[in-house]
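The numbers here are math on the coordinates, done by the rules we state, and not lab data. All figures in this text were calculated on a predicted structure; none of them were measured in a lab. Every residue, glycine as well, gets a Cβ built from its backbone with ideal geometry; the counts of neighbours run over all protein chains shown.
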Amino acid sequence: MYVYDAFDRRLLAERVAEFRDQVARRLSGELTEEEFKPLRLMNGVYLQLHAYMLRIAIPYGTLSTLQLRKLAEIARKYDRGYGHFTTRQNIQFHWIKLAELPDAMAELASVGMHGMQTSGNNVRNITTDQWAGVAPDEIEDPRIWAELIRQHVTLHPEFSFMPRKFKIALGASSRDRAALRIHDMALRLHRNAAGETGFEVMVGGGLGRTPYLAQTIKPFLPKRDVLSYVEAVLRTYNQFGRRDNIWKARIKILVHDLGAEAFAKEVEAEWQGIKDGALALDPAMVAEIASRFRYPDYEKLDDSPPQLAKARRDDRGFDTWMANCVANHKVPGYAVVTLSLKPQGGTPGDCTAVQMDKLADFADRYSFGEIRVGHEQNLALPHVAQRDLPALWRELDAIGLAQTNVNLITDIISCPGLDYCSLANARSIPIAQEITQRFRDLDIQRDLGRLHINISGCINACGHHHVGHIGILGVEKNGEEFYQITLGGKADENATLGTLIGPAVPYAQVADVVEDIAAAYLELRQPPQELFIDTVKRLGVEPFRERVYAAR
Amino acid sequence: MTSPLDQKKIKIAGPVVITANRVDDGAVVYRSPDGRWTTELGAAAVAIDADSARALAEAAAEDDLNAIGPYIAPVSVLPGGHVRPGNLRELIRLGGPTIELPTPLDS
Ligand code: SF4
């Protein structure tokens, strides 16, 4: 866990006081909506279809039980008893009242949380692999670097009014669990041929109307230079990014128009002037940040204790959960447990206050008081002793958080869509719900294997549909909801954008189409168990297209 | 969201109302004939021609203290005078999400 210092706490307290004053002035009529809107947005307060929405950052997806209990309290006191985890390690409350927002924010600030830079044309919440610090394949904890960058760009005046928003993600493993290449900028820690650790820098990724994958502009950046290089990228974007057309304002357009090489040259020129200045990192300062990440006092345990194997033999439900939801930990005798927020017929990413409170209790008892939030809209307990897994499973099952569908077809990533969002063209959540009903048989899900469905309610692509194995995008045609289907996208270390299979289909047919695609896959896959995504890669979308449209 | 001030050339194809979000809590509200805001669509002022729609929208836009982003939204008027939202978005704004919300007691 990262421990806030006095400076962080003062900054948040001042911000809450400022916002309290702004809200009072808005409610008294002293501020017009036009004047107030940019101020509320700077604090993560949006207006959606039915109510205000507060978006709260969960930096690098790490939550303490104190924070999770506070989120539960906010859900109960100021909202409707639940929150919604997004695809960017944020949580949203969808029913919050303007007059109560300052109090809610003050409570959040008491546990070091806020909505700053969860909206607006600044550097948004910096995300990482949700298994940071525990993944066996990681070379070091990327959160230390995320935190350094977070501190540097928070309320940085030069980066508070950029051409458009700017999203940064970090990873430190060979496996990409942070969807690096769909970010404006991504930093991947790796070792070079000399065995030194540094960053691969990628820029210009993003989905939306014009989807691009980020391109590598610097294969190896020494760690001491990370702040100055990030600064050089932001400055270059700030200077050359388009401000005349909102659809062309993201850095992806600039990188594409200039070409990655030319963009890299501009960054390099900027960087040369600043790399040895104040932003060159002093190892003592990095060590100071690192020292504020507290790691658990792990016991010395062996992997695979005998009682675990017995519990797996004795209970098929537990065995399946182990297979789908439990991953290896870098410390022997421990495991990382993913908690699916994708119940059958439920809303992807929603979590009730009751669940949050119970989960906080479990995290205290089984996971050293820590919870993680992933971009797949699931949660994780990052440090569970393997011997405790059977007991944890029984407790999770009792509150509906032992769903075994992690990475399966019903583990759907979905934006809120037209049920909440004022920008939406079509609904997302009911589509996800219908698909989870159709594929409720876990044996069928397991037979289909790893398969990611991503749904967005409009071209803004908050549900990352372009990188879903099956991507579903809501569009509007003559006042009716239609959905475009793409296949073959993925957001991992081999990120790919999906291919459209044909004309959009109406709302009522989407789940049928997904069933057709799944059936085609089962016929086409090569034994043994070629993954869906590999079958699409091998054959292209044509056989799926034929199957889907033959009957329509 | 389109502000009525952006809806310069108002063309309407049928009955419309002026709708916005309430400042206090963001709730969906409709402009009523007496120049106030109501959460009841049935109590909204219905315009059937562009001039009266524009007049309603302009008056609504003045009331920034109570409502955010007023705009013209289509409705249908059933025989007997019952007013219904004119499209899916407006239906969801009036009726709330089409999905079941988690209840606080859910576990
Ligand atoms: S993708 Fe569109 S509909 Fe979905 S949350 Fe984003 S803006 Fe709203």
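Side notes on the structure shown:
- Backbone geometry of region A:163-179 corresponds, through the Karplus equation with coefficients 6.51, -1.76 and 1.60 at θ = phi - 60°, to 3J(HN,Hα) couplings of x, 6, 4, 9, 10, 10, 10, 10, x, 9, 10, 5, 7, 9, 10, 10, 6 Hz, x marking Gly and Pro.
- The stretch between A:Gln151 and A:Asp441, if pulled fully straight at 0.36 nm per residue, gains 99.8 nm over its current Cα-Cα span.
- Helix-only [θ]222 nm of chain A, DSSP H runs n ≥ 4, -39500 (n - 2.57) each, per residue, nearest 500: -11500 deg cm²/dmol
- Amide hydrogen neighbours beyond the local backbone of A:Phe85, cut-off 5 Å, H modeled: A:Gln92, A:Asp350, A:Cys351
- In region A:142-291, lysine pairs with alpha-carbon atoms under 19 angstrom apart (chain gap of 8 or more, or interchain): 11
- The protein assembly as shown - share of DSSP beta bridges that are antiparallel (%, nearest 5): 85 percent
- Using θ = phi - 60° in the Karplus curve 6.51 cos²θ - 1.76 cosθ + 1.60, the 3J(HN,Hα) couplings for region A:375-389 round to 5, 7, 6, 10, 10, 8, 9, x, 9, 9, 5, 4, 5, 8, 4 Hz; x is entered for Gly and Pro.
- Residues with amide H under 5 Å from that of A:Asp79, placed H, sequence gap 5 or more: none
- Anisotropy class of region A:34-184 from Cα gyration tensor, a/c 1.5 cut: oblate
- Normalised by the number of residues in chain A, the mean separation of alpha-carbon contacts (under 8 Å, six or more apart) gives a relative contact order of 13 percent.
- Peptide A:414-427 has a mean of 3 when you count, residue by residue, the C-beta atoms of other protein chains within 10 Å of its C-beta.
- Listed as lacking a disulfide-compatible partner in chain A: A:Cys325, A:Cys351, A:Cys421, A:Cys458, by the criterion of no other cysteine Cβ under 4.7 Å.
- Per-residue ³J(HN,Hα) for region A:325-339, Karplus 6.51 cos²θ - 1.76 cosθ + 1.60, θ = phi - 60°, Hz, x for Gly and Pro: 10, 10, 10, 5, 10, 6, 9, x, x, 10, 8, 9, 10, 8, 10
- Label-point gap, in nm, between A:Arg394 and A:Ala519 - each point 7 angstrom along Cα→Cβ: 4.3 nm
- Sequence-distant residues sharing a close amide H with A:Leu339 (under 5 Å, placed H): A:Leu379, A:Ala380, A:Leu381
- Within straight-line cross-link reach of A:Lys330, aspartates and glutamates at Cα separation under 14 Å, skipping those fewer than 8 residues along the same chain: A:Asp137, A:Glu138, A:Glu140, A:Asp141, A:Asp297, A:Glu299, A:Asp302, A:Asp303
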